[in-house]
Amino acid sequence: MRPLQISPETAIKLAKALNVPLEQLMHMPQHILIQKMVELEKKKEASE
């Protein structure tokens, strides 16, 4: 599996937002990353 095709700035922001190490984020399967981003968005909406 190849690393995600995202910019370094985006990778750093996502790693901080998802609270995962940058290396783990870059090798995370794309479908799992999308699932985690959806969960993060739901938490954000619930807190507002």
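Can Met37 be described as outside any helix (DSSP H, G or I) and not small (Gly, Ala, Ser)?
On the way: outside any helix (DSSP H, G or I): no; not small (Gly, Ala, Ser): yes.
Judged against the criteria, Met37 is not a match.
Can you list residue pairs whose Cβ atoms sit under 7 Å apart, with the first residue in the range 22-48 being farther than 18 Å from Ile12 by Cα and the second being at pLDDT below 90? Count only pairs 6 or more apart in sequence or on different chains.
Every condition considered, no pair remains.
Give the range 2-29 a look and list any residue that's in a helix (DSSP H, G or I), small (Gly, Ala, Ser) and exposed (fewer than 15 other Cβ atoms within 10 Å of the Cβ), or say none. Steps first, answer last, please.
Of the range 2-29, the ones in a helix (DSSP H, G or I) are 8-18, 22-26.
After this cut, where a residue has to be small (Gly, Ala, Ser) as well, the list is 11, 15, 17.
Once the filter is applied, which keeps residues that are in a helix (DSSP H, G or I), small (Gly, Ala, Ser) and exposed (fewer than 15 other Cβ atoms within 10 Å of the Cβ), the range 2-29 yields only Ala17.
Which one of these does Leu4 not meet: (1) within 10 Å of the chain's Cα centre (by Cα); (2) in contact (Cβ under 8 Å) with a residue 12 or more places away in the chain?
(1)
The values are calculated or read from the model by the stated rules, or taken from the named source; none is laboratory data. Bear in mind the structure is a predicted one, so any value in this text is a computation, not a measurement. When we count neighbours, we look across all protein chains shown, and the Cβ atoms used for this are built from the backbone with ideal geometry, even at glycine.
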